[in-house]
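The values are calculated or read from the model by the stated rules, or taken from the named source; none is laboratory data. Not measured: the values here are computed from a predicted model. Note: ideal-geometry Cβ built from the backbone for every residue, glycine included; neighbour counts use all protein chains shown. Side chains are part of the model used for accessible areas, which takes the heavy atoms of the whole protein and leaves out ligands, DNA and RNA. Shrake-Rupley method; radii C 1.70, N 1.55, O 1.52, S 1.80 Å.
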Amino acid sequence: MQILTPQVFWAQRHGEIFLRVELSDASDVDISLQGHNTLQFRAQGHGAKGDNQYEFNLEFLEPVKPEIHQKLTQRQVDIKIRKRDERWWERLTLREKKPLFLAPDFDRWLDESDAEMELQAKEEKINKISVESRVRKDPYISLKKGYLFMYNLVQFLGFSWIFVNMTVRLFILGQDSFYDTFHTTADMMYFCQMMAVLEVVNPLLGLVKTGFFPAMIQVAGRNVILFVIFGCLDEMQNKAVVFYVFYLWSSIEIFRYPFYMLACIGTDWKPLTWLRYSLWIPLYPLGVVAEAVAVIQSLPIFDETRLFSVPLPSALGHSLSFSYTLQLYLVLMFLGLFINFRHLYKQRQRRYRSRKRKVH
């Protein structure tokens, strides 16, 4: 009987070698290891030359462990061998010239960098399982997730109402809608921004992993604009800047809050995730610019009305205008923009690095 060589496909990882022998209906399979690095294969089966006995020898580049794992299927013979030392081989065989019957297994093939990412992902998964097994499960986890889901749902509905209301009025009234924005949406905006104080409390209670300081900057900054600049000055309530501030705020939040809602139930919707981590890049700085315009427009009004002015001794003058405080606030506003922008950009990078690891 003629002895033939089957087609063999191979791939590797840092610690393993995979061989796929194209031999269907294989029988009398004999796989052995000679020495520390020579594999001998012999079997009866249907290969490229019909039903025959097929065999081959492979002298590996480096020593391997003696255990050989094999799996027979109707179409092929799968072989897995562990390397003695876990490292990447530049080729499979000791001889530089590759045997004619040997080819890469592209179904399993990874280059070294991809294999390192796969190994890192496996290690992270093992470490995560190990940590989770040691950490006591929080008995209130369902209650916490339910609270966070409802909070984000309420905020989403509130900001959606503001966004839709302003959009409809803009299409119906055009620019005239700019000047009564405060009177038509202020109550809902008051409610949403008072609720937003919980975003400062939640990190302190350990309910969310986001930082306390960035949340405090954003919530405090918005509340100064809403309650002090717009809420206390009737002259500001009819200005067009109110429309731009409210519209930019709601445009960001109608994507941010549903993203967090889905995160509470372990769901990731890719279009929403992209919007959440991309739209803020132009909208957040524009929102800060609109807030700065509102502050600048309010300065002469505070100087004229002396609202919130600090009384001074007669030798120093009558009072210290609140506008000086707002001028300092303008500087802090753009410092907060830098801090929050940097924080959000790092969040975006971590998010997409994590997703890239999952894909690989």
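For F60, the amide hydrogen comes within under 5 Å of the amide hydrogens of T38, L39, L94, counting only partners 5 or more places away or on other chains and with H modelled in the peptide plane.
Bridging of K122 to aspartates and glutamates at a Cα separation below 18 Å is possible for E16, E86, D111, E112, D114, E132, once same-chain residues fewer than 8 apart are set aside.
For the Cα trace of segment 26-98, dividing Rg by the Kirkwood Rh returns an Rg/Rh value of 0.99. Please sort through the DSSP H helices of the chain and keep those with an alpha-carbon extent of at least 30 Å along the long axis and a Kyte-Doolittle average not below -1.0. Long hydrophobic helices here: 141-173, 241-264, 280-305, 322-359.
Protection proxy ranking, highest mean first, for peptides 53-60, 171-178: 53-60, 171-178, where packing is the per-residue count of other beta-carbon atoms within 10 Å, averaged. With contacts taken as Cα pairs under 8 Å at a separation of at least 6 residues, segment 165-303 carries a relative contact order of 26 percent.
Rounded to the nearest 10 square angstrom, L33 shows an accessible area of 40 square angstrom against a 1.4 Å probe.
Solvent exposure of the chain, expressed per residue, is 59 Å² of accessible area, with all protein chains present and a 1.4 angstrom probe.
With the cut-off at 29 Å, tell me which of the pairs K83/K125; K144/K239; K125/K346 have Cα atoms farther apart than that. Long pairs (Cα-Cα over 29 Å): K144/K239. Only one residue of Q297, H14, G206 has its Cα farthest out toward the positive end of the dipole of the chain, where Lys and Arg carry +1 and Asp and Glu -1 on Cβ, and that residue is H14.
What is the dipole size for segment 198-296, taken about its Cα centre, with +1 at each Lys and Arg Cβ and -1 at each Asp and Glu Cβ, in debye to the nearest 20?
Working: 6 positive and 6 negative charges, 62 e Å.
The dipole magnitude comes to about 300 debye.
Residues whose amide H lies under 5 Å from that of R84, counting only those 5 or more places away or on a different chain, are V64, K65; hydrogens are built 1.01 Å from N in the peptide plane.
Here the Karplus relation 6.51 cos²θ - 1.76 cosθ + 1.60, evaluated at θ = phi - 60°, turns the backbone of segment 41-52 into coupling constants of 10, 8, 6, 9, x, 9, x, 5, 10, x, 6, 7 Hz, with x for every Gly and Pro.
Rank D303, D105 by accessible area, highest first, at a 1.4 Å probe radius? Intermediate values should be presented prior to the final figure.
On the way: D303 65, D105 5 Å².
So, going from the largest accessible area down, we get D303, D105.
Taking only the C-alpha atoms of the chain, Rg followed by Dmax gives 33.4, 118 Å. In a reduced charge model with +1 at each Lys and Arg Cβ and -1 at each Asp and Glu Cβ, the chain shows a dipole moment near 620 debye about its Cα centre. Per residue, the average separation of C-alpha pairs within less than 8 Å and at least 6 apart gives the chain a relative contact order of 13 percent.
Between the listed residues L170, T181, G47, the Cα displaced farthest toward the positive end of the dipole of the chain, a dipole computed from Cβ unit charges relative to the Cα centre, is found at G47.
In the chain, helical runs assigned H by DSSP with n ≥ 4 each contribute -39500 (n - 2.57); averaged across all residues and rounded to the nearest 500, the mean residue ellipticity at 222 nm is -18000 deg cm²/dmol. Of the residues M261, V224, Q76, the one whose Cα sits farthest towards the positive end of the charge dipole of the chain is Q76 (charges of +1 on Lys and Arg Cβ, -1 on Asp and Glu Cβ, taken about the Cα centre).
Ligands, DNA and RNA left out, the 1.4 Å accessible surface of the chain is 59% carbon and sulfur atoms.
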